[in-house]
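What follows is one structure encoded as structure tokens, with my remarks underneath.
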Amino acid sequence: MANKTLTYYNGVQEILERVNDADGDIYLNRAKELVFEGISSLALADGVSLDDIRGILQSETVDVSTLSSPYRIRVKGSGRELSHNPSKIINITDSGVTEHRYIELSLTEVNRLNDPDYRPFNDEIFYYNRGDYIYFYPDEEMNAQKILITYITEPESYDYGVDNGEGSTSLQEQFSLNFLYKTIDYGVGRIREQQSGE
């Protein structure tokens, strides 16, 4: 694939060639699924830099006072208050005039919020993800906040296209080559597992 733009089509073809199905007679549909699955899975893995996944990284400013509820933001599903479905929140920072630090809690830590010794300092706001929402604590601090949410989006779809490059989604505009080859390796590995079980 030297001197070629790495497209979704090329990534699928590379997987098929490596698993000895260059014509795609057996594994074409599986290879298409695995490029998509690999991108989604590997984007959340440790050791992936933000530059590796620049095309699915988003930042949005949210004025909490304009939301239906100031202590939570709907981030997924119908009626979400972000432009895209996030697969992972990278961070939340204060973009208004107040200076708060936003600290993510695990669901285990959320259970400790009733403990009076486990409260945020005056310049801190805790947040956690549950279901389709991000919740903030203490909620009374959120009334006039403007926040910047940086997150990894769920890839929506890719155009398989044809080998002449027309209509094929160029993956290099969204991801580093290193990340794309890890995605191809991921697809090859999954098909080889399937082959060894057949």
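The values are calculated or read from the model by the stated rules, or taken from the named source; none is laboratory data. Note that the coordinates shown come from a computational prediction; the quantities given were computed from them, not determined experimentally. Every residue, glycine as well, gets a Cβ built from its backbone with ideal geometry; the counts of neighbours run over all protein chains shown. Remember, those area values only see protein heavy atoms, side chains included, never the ligands or the DNA or RNA. Shrake-Rupley method; radii C 1.70, N 1.55, O 1.52, S 1.80 Å.
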Single condition residue 16 does not satisfy, out of (1) surrounded by 19 or more Cβ atoms within 10 Å (Cβ to Cβ); (2) in contact (Cβ under 8 Å) with a residue 24 or more places away in the chain; (3) part of a helix (DSSP H, G or I): (2)
Residue in the stretch 91-107 that is part of a helix (DSSP H, G or I) and either without any contact (Cβ under 8 Å) to a residue 24 or more places away in the chain or farther than 27 Å from residue 180 by Cα (or both) present: yes
Subset of the stretch 121-130 (residues that are surrounded by 11 or more Cβ atoms within 10 Å (Cβ to Cβ) and within 22 Å of residue 88 (Cβ to Cβ)): 124, 125, 126, 127, 128, 129
Qualifying residue in the stretch 145-154 (condition: surrounded by fewer than 17 Cβ atoms within 10 Å (Cβ to Cβ), modelled with pLDDT under 90 and under 21 Å from residue 54 (Cβ atoms)): yes
Out of 81, 60, sole residue that is assigned to a loop (DSSP other than H, G, I, E, B), open to solvent by 20 Å² or more (accessible area, probe 1.4 Å), of a type in the set (Asp, Glu) and closer than 20 Å to residue 134 by Cβ: 81
Odd one out for residue 44 among (1) without any contact (Cβ under 8 Å) to a residue 40 or more places away in the chain; (2) outside any helix (DSSP H, G or I); (3) not hydroxyl-bearing (Ser, Thr, Tyr): (1)
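Here's a check for you: in the stretch 98-112, which residue that is in contact with a strand residue (DSSP E or B) (Cβ under 8 Å, 6 or more places away or on another chain) and farther than 12 Å from residue 128 by Cα is most open to solvent (accessible area, probe 1.4 Å)?
101
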Check on residue 115, open to solvent by 20 Å² or more (accessible area, probe 1.4 Å), part of a loop (DSSP other than H, G, I, E, B) and at pLDDT below 85: no
